[in-house]
Amino acid sequence: MTFLNSKIPIYFASIFAGFAVIGLLFVPNVSDMLGPVAGILMTMSVILILLFAAAIILKGLFTLFSSFIKQ
């Protein structure tokens, strides 16, 4: 199993993106220190979380429909 084929980096990336959103929203000092980069980081972390959620939903729908087709 290679590093790119495992799901662990994807899970860590989504967890770190969630912490970034929490940090940027609830700790105003972090946003002040980062300045304009905070907006870019916030946008990137929200996009990453949404893509990860969409991948989970699509995988679930695919397995659901494939089980109906096999029956």
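The values are calculated or read from the model by the stated rules, or taken from the named source; none is laboratory data. Please read these numbers as outputs of a predicted model, since none were measured by experiment. Heads up, the Cβs are rebuilt from the backbone with ideal geometry, glycines too, and the neighbour counts pull from every protein chain shown.
Working carefully through the options Ile15, Ile22, Ile47, find the one that is over 24 Å from Lys59 (Cβ atoms), assigned to a helix (DSSP H, G or I) and β-branched (Val, Ile, Thr).
On inspection, the qualifying residue turns out to be Ile22.
Name the residues in segment 17-43 that are of a type outside the set (Ser, Thr, Tyr) and surrounded by 13 or more Cβ atoms within 10 Å (Cβ to Cβ), would you? Please lay out each step first, then the result.
Our first condition is that a residue be of a type outside the set (Ser, Thr, Tyr); within segment 17-43, this holds for 17-30, 32-42.
Of everything in segment 17-43, those that are of a type outside the set (Ser, Thr, Tyr) and surrounded by 13 or more Cβ atoms within 10 Å (Cβ to Cβ) turn out to be Ala17, Gly18, Ala20, Val21, Gly23, Leu24, Val30, Leu34, Ala38, Leu41, Met42.
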Self-check item: Close pairs (9 angstrom Cβ cut-off, 6 or more residues apart or separate chains): under 20 Å from Pro9 (Cβ atoms) in segment 49-71, of a type in the set (A, V, I, L, M, F, W, C) anywhere
Solution: Ile49/Ala17; Ile49/Val21; Phe52/Ile10; Phe52/Ala13; Phe52/Ala17; Ala55/Ile10
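So in segment 24-48, with the set limited to residues that are among the polar types (S, T, N, Q) and under 22 Å from Ser14 (Cα atoms), which one is modelled with the lowest pLDDT? Before the answer, list the steps.
Applying the first criterion (among the polar types (S, T, N, Q)) to segment 24-48 yields 29, 31, 43, 45.
Checking which are under 22 Å from Ser14 (Cα atoms) leaves us with 31, 43, 45.
Details: Ser31: 71, Thr43: 84, Ser45: 79.
Among residues in segment 24-48 that are among the polar types (S, T, N, Q) and under 22 Å from Ser14 (Cα atoms), the one modelled with the lowest pLDDT is Ser31.
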Practice problem: Write out, first by first residue and then by second, each pair whose Cβ atoms fall under 7 Å of each other, whose residues are 6+ apart or on separate chains, and whose first residue, in segment 1-25, is over 16 Å from Leu41 (Cα atoms) while the second is at pLDDT 75 or above. | Solution: Ile10/Phe52
